[in-house]
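Colleague: My questions all concern the structure below.
The values are calculated or read from the model by the stated rules, or taken from the named source; none is laboratory data. Keep in mind that what you see is a predicted model, and the values were worked out from it rather than measured. Here the Cβ is made from the backbone with ideal geometry for all residues, glycine too, and neighbour counts use every protein chain on show. These area figures cover heavy atoms from the full protein model, side chains too; ligands, DNA and RNA do not enter into them. Shrake-Rupley method; radii C 1.70, N 1.55, O 1.52, S 1.80 Å.
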Amino acid sequence: MSSIRLNKYLAQAGICSRRKADEHIGAGDVYVNGAPASLGMRVDPENDCVVFQGQVITPQPQRLVYYALYKPLGVISTARDEKGRTTVVDLAPPQPRVYPVGRLDKDSEGLIILTNDGTLAYELTHPKFEHPKEYEVLVQPRDESLTPKKVKELFEKGIVIEGKQFKADVVH
């Protein structure tokens, strides 16, 4: 079998996310073949012995799952929330562990995909694949001067959020 990145190996074993795995590797919690692991390290799942916090890790064959979830208002699009708010992952079965593909604001609702298929998630979300995203936005103006024409102009011109420009390709 070919080698895979150690953080992916730990994630597939259900230990933690890849990002969290990198933190554990950096903290010295992971050993490979008796030696401390390093960030970016690759392992051969059939031949290498991986130990996490004193326990030998043996990933189970991964059964890929895909959920199409209608995210309700007030639920956040993340796997875990430090503030204890309800997440989209809380709405899915606990096993196998899944992650949201993309994000929707807490105050929005709509379709979101949850999966444990990292390859699909990457191909759907990475900008290099240029997948168009479609959003339906309902605006309830508090100001009567905000006409439908002005709303359309706003979306076509775009807005800046946290220093990044966002704008629609097409506005109907």
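Colleague: Show me, for segment 5-10, the HN-Hα J-couplings you get by feeding each phi into the Karplus relation (A = 6.51, B = -1.76, C = 1.60, θ = phi - 60°), rounded to Hz, glycine and proline as x.
Modeller: Result, rounded to whole Hz: 5, 4, 5, 5, 4, 5.
Colleague: What's the FRET efficiency of R63 with R42 using the Cβ-Cβ distance as r and R₀ = 30 Å, to the nearest 0.05? Provide the component values of the computation, followed by the final result.
Modeller: Details: r = 24 Å, r/R0 = 0.79.
The pair R63/R42 has a calculated efficiency of 0.80.
Colleague: Next up: In Å, what is the Rg of the alpha-carbon atoms in the chain, and how long is Dmax?
Modeller: 20.8, 69
Colleague: Distance cut-off 26 Å, Cα to Cα: go down the list K83/K150; K71/K133; K106/K152; K83/K133; K20/K133; K128/K164 and report the pairs above it. If you can, show how the numbers build up before the last one.
Modeller: Numbers: K83/K150 37 Å; K71/K133 16 Å; K106/K152 23 Å; K83/K133 29 Å; K20/K133 28 Å; K128/K164 18 Å.
Correct reply: K83/K150; K83/K133; K20/K133.
Colleague: Taking the Cα centre of the chain as origin and charging only Cβ (+1 Lys, Arg; -1 Asp, Glu), how large is the dipole, in debye to the nearest 20? Intermediate values should be presented prior to the final figure.
Modeller: On the way: 23 positive and 23 negative charges, 27 e Å.
Here the size comes out at about 120 debye.
Colleague: Which of the peptides 69-76, 9-16 is most tightly packed, and how do the rest follow, judged by the mean count of other Cβ atoms within 10 Å per residue?
Modeller: Working: 69-76: 15.6, 9-16: 20.2.
Highest mean packing first, the order is 9-16, 69-76.
Colleague: Got a number for carbon plus sulfur as a percent of segment 31-172's accessible area, 1.4 Å probe? Can you show the working numbers first?
Modeller: Numbers: 5880 of 11050 Å².
That share works out to 53 percent.
Colleague: Mind checking the per residue accessible area of the chain for me, 1.4 Å probe, whole number of Å²?
Modeller: 73
Colleague: Also, quick follow-up: Could you tell me what % of all Cα pairs in segment 6-60 have separations over 19 Å? Each step should come with its number before you reach the end.
Modeller: Working: 136 of 1485 pairs.
Value for segment 6-60: 9 percent of Cα pairs lie more than 19 Å apart.
Colleague: Placing +1 on the Cβ of each Lys and Arg and -1 on the Cβ of each Asp and Glu in the chain, which of L6, V101, G158 has its Cα farthest towards the positive end of the resulting dipole?
Modeller: Positive-end residue among those listed: G158.
Colleague: Per q in 0.25, 0.27 Å⁻¹, report the Debye log10 I(q)/I(0) for segment 117-160, using one uniform scatterer on each alpha carbon and no solvent.
Modeller: Taking Cα atoms of segment 117-160 as identical point scatterers yields -0.93, -1.01.
Colleague: For K20 and K128, what does the FRET efficiency come to when R0 = 25 Å and r is the distance between their Cβ atoms, rounded to the nearest 0.05? Write out the running numbers ahead of the final one.
Modeller: On the way: r = 25 Å, r/R0 = 1.00.
Rounded to the nearest 0.05, the efficiency is 0.50.
Colleague: Which order do you get for F52, F166, F129 if you rank them by accessible area with a 1.4 Å probe, largest at the top?
Modeller: Working: F52 25, F166 105, F129 80 Å².
Reading off the accessible areas and sorting them downward yields F166, F129, F52.
Colleague: Using +1 at the C-beta of Lys and Arg and -1 at the C-beta of Asp and Glu, which of G54, C16, H172 has the Cα lying farthest in the positive direction of the dipole of the chain?
Modeller: Going by the charge dipole, the pick is H172.
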